[in-house]
Amino acid sequence: MTYSKKIQGLVQALTLEEKVGMIHGNSLFATKGVPRLGIPPLVMSDGPMGVRMDFQPDQWVPAGNDADYVSYLPSGSALASTWNRSLAWEAGRVLGEETRGRGKDVILGPSVNIKRSPLCGRNFEYMSEDPYLAGEQTAPMIRGIQEADVAACVKHFAVNNQETERLYVEAELSDRALRELYLPAFEKAVKEGKSYTLMGAYNKIKGEHCCESQFLLDEILRGEWGYDGVVISDWGAVHNTEKAAACSLDVEMSVTNDFDQYKMADPLLAAVKEGRIREEQIDEKVKRVLLLMERLHMLEGDRKKGCYNTPEHRETAKAAAEEAVVLLKNEGNRLPLKEKKIKKMLVIGENAVHVHSCGGGSAEIKALYEITPLMGLKMYLGGNVQVDYTPGYYVPSAQETQSASWQETSLENGGGQTRDTEMLGTEESQKRREALEEALRLAADERYEEVLFVGGLNHDFDSEGQDRKDMKLPYGQDEVIRKLLEIRPDMTVVMHAGSPVEMEEWADQVSALVWLWYSGMEGGTALAEVLFGVVNPSGHLPETFPKYCEDCPSHSIGEFPGDDTVRHKEEIYVGYRYYQTQGKKPRFCFGHGLSYTTFSYEEVQVSREKEIEVSLKVKNTGSRKGKELIQLYIHPVDNGADRPVQELKGYEKIELDCGEEKNVTFTLSEESFARYDEKRKAFVTEPGRYEIWLGESCEKILAKAEVRIG
Ligand code: BGC
């Protein structure tokens, strides 16, 4: 790497102390600048759903001003659920502008770890169980962010798929699983997204902490992928000065305020002075930090100003939320609801009024506002329909939010735990019974033409620092839904959550079921628009919703959460790769999502020049305008041994009027068919026949074609 003359000059002019100051936290979210040389501090903020509130420089105490209310964007799961690369770019652009508008240089996101188990507390932040989808949605998001002269920080590299013991757990997995599942989204983030920074994870891999791993950081990231950006540690993820200095980690951050005692602070100075570490190793890190500053125009030139809370940002949040809603079930075309036929509507369920933006761990934000489902419905219906609300289930408020200083103590007890679903005292049981009785009483009133249940999870469950213990719905919701369905069999159910829940007690009985992720400030608006058909749903699940947690391969074959070590015995068979290969039916499969219209696929053709082109004609055969998501999977015919029955390799979303048809073309290369060969330590494409499966989910394949490789 050749650095500019400016960078070379600065490195020569910097003292060792100044250099060391530039590569560790000098406050909770910034490094030290060198004013005499015009080098500013590097200022970071959490994301990825918005720019986090400001804290005191040395305490996890909110600054407490009103300047840090921001736009609240749909979570990673929701963005992946749109399967729309342009929306990911747009969301990134908003996040970037707001980051800059708030005066920060680096936004700590997107988060792209693979969803290995439905129980991982941070799944709501993550994109998908599938590396292709995760990478395809992440790269444009990063490009969008970086348009604003701020850096994205793709995290957490790598194999950080659980919260329990997250600081120390060793992820034990084959190189094949690592290469095929856990690294590709990062590779795309770096190579296609060109993420200026990347965050090293807490956990260990091959016996080393990720932030000290020569294998991950030197061999793969810098060596194989040619990464020249800045590697920032997760907060408190560095344990050893020599190891961190010797590998490609650049900046150490942590949660404590003894900044001089960080491993890459005074201990590093001492190590250089005692000759245990060469100063050139520090220089390399400093050069990369300066290159980042050059890229962001922090050293000279015009830097974009950014802005936040603009009406246009809210429009983007709404557009993304609209495409993230997933229609899971719609028997007898129960939905969309017909507002003209409704005078009185009953909304049951605490999640109809719950505000989620302020929870979840470091992804929390101070949202300018958050339209809850109930607000969305009322605003949509105006005063023309009477909308009544009752909670239906009781949520103990004491557990609702983590204390402001949780992060300060987050390095204790392995950094994370598995959380018991609920602890219920007599008083709480009583409140729960009362809430249910009131809901049943109201639901029996036939003057309500429509009854809607909005339940699911909240950030007491979907949260950093803890995994769920099971997939059960909390607060006795199963009983509430079952009993309500007995008296209102046509009740529409909305699940509002960041990760799958078990729905087996009632899913067969419900005719209309809608999934709402943590969808940002306009989530409630988007939900109302989908329920009433202003928006034709086009969200599709970016992960499998198993019937029971035990069905999930990381639980039935592999381990979750393990103890000191978590063994990925399921190997590459994560998510649909497992369910489809084993013929095991989940409740809702990967890629599933219904529409209010129907589509047909015709004239599938495959042509081979240098690349492989798959084209087809897609037609809207229903009576409404709508968006169709065409998913492309490859299926090995001749060499299927120890390969998943299908793997996602392409997707396109198009909008079609009723009766309209459009051609869609996918381009694949031979690498699209490759698998990782442990012996050759490389991806290899085995010659033979492969089928191309085109469909609306991994189960619902509408057209097939064959191609011969090699
Ligand atoms: C989280 C990161 C976050 C950092 C700073 C850590 O605990 O794992 O995702 O960016 O804290 O808040």
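The set of residues from the range 676-690 being crowded, with 18+ Cβ neighbours inside 10 Å and either within 25 Å of His540 (Cβ to Cβ) or out of contact with any strand residue (DSSP E or B) (no Cβ under 8 Å at 6 or more places or on another chain) (or both) comprises just one member, Tyr690.
The residues of the range 237-286 that are within 16 Å of the ligand (Cβ to nearest atom), farther than 22 Å from Gln56 by Cβ and acidic (Asp, Glu) amount to a single one, Asp250.
Lys285 versus (1) part of a loop (DSSP other than H, G, I, E, B); (2) not assigned by TED's automatic domain parsing to the domain that holds Arg482: which is the lone unmet condition? That leaves (1) as the condition not met. Remark: Gly659 matches the filter, which requires a residue to be among the small types (Gly, Ala, Ser), under 28 Å from Pro336 (Cα atoms) and modelled with pLDDT of 95 or more.
The strands (runs of 3 or more DSSP E) found entirely in the range 533-636 that carry 2 or more residues being crowded, with 19+ Cβ neighbours inside 10 Å and over 24 Å from the mean Cα position of the chain (by Cα) are 599-608, 612-620, 626-636.
For the range 438-453, a tally of residues being surrounded by 12 or more Cβ atoms within 10 Å (Cβ to Cβ) and outside any loop (DSSP other than H, G, I, E, B) returns 9. Can you confirm whether the range 661-669 contains a residue that is in a loop (DSSP other than H, G, I, E, B), under 23 Å from Pro184 (Cβ atoms) and out of contact with any Gly (no Cβ under 6 Å at 6 or more places or on another chain)? Yes, the range 661-669 contains at least one residue that is in a loop (DSSP other than H, G, I, E, B), under 23 Å from Pro184 (Cβ atoms) and out of contact with any Gly (no Cβ under 6 Å at 6 or more places or on another chain). Can you confirm whether the range 13-21 contains a residue that is farther than 30 Å from Val326 by Cβ, in contact (Cβ under 8 Å) with a residue 12 or more places away in the chain, assigned to a loop (DSSP other than H, G, I, E, B) and away from the ligand (no atom under 16 Å from the Cβ)? Yes, that holds for at least one residue.
Can you confirm whether Glu671 is within 30 Å of Glu172 (Cβ to Cβ) and loosely packed, with under 15 Cβ neighbours inside 10 Å? Yes: the conditions hold for Glu671. Looking only at strands (runs of 3 or more DSSP E) that lie completely in the range 167-236, which have at least 2 residues being more than 16 Å from the ligand (Cβ to nearest atom), in contact with a Ser or Thr (Cβ under 7 Å, 6 or more places away or on another chain) and in the same structural domain as Ser128 (by TED's automatic domain parsing)? Of the strands (runs of 3 or more DSSP E) lying wholly inside the range 167-236, those with at least 2 residues that are more than 16 Å from the ligand (Cβ to nearest atom), in contact with a Ser or Thr (Cβ under 7 Å, 6 or more places away or on another chain) and in the same structural domain as Ser128 (by TED's automatic domain parsing) span 170-172.
Put simply, of Ala63, Ala67, Ala80 the only residue that is more than 24 Å from Leu299 (Cα to Cα) and crowded, with 24+ Cβ neighbours inside 10 Å is Ala80. Only one entry of Gln137, Gln162 meets the criterion of being away from the ligand (no atom under 13 Å from the Cβ), crowded, with 24+ Cβ neighbours inside 10 Å and of a type in the set (S, T, N, Q), and that entry is Gln137. For beta carbons closer than 6 Å, sequence separation of 6+ or different chains, a first residue in the range 291-306 that is of a type in the set (A, V, I, L, M, F, W, C) and a second that is assigned to a helix (DSSP H, G or I), the qualifying pairs are Leu299/Met293.
The values are calculated or read from the model by the stated rules, or taken from the named source; none is laboratory data. Everything numeric in this text was worked out from a predicted model, so none of it was measured. Virtual Cβ from ideal backbone geometry, glycine too; neighbours counted across all protein chains shown.
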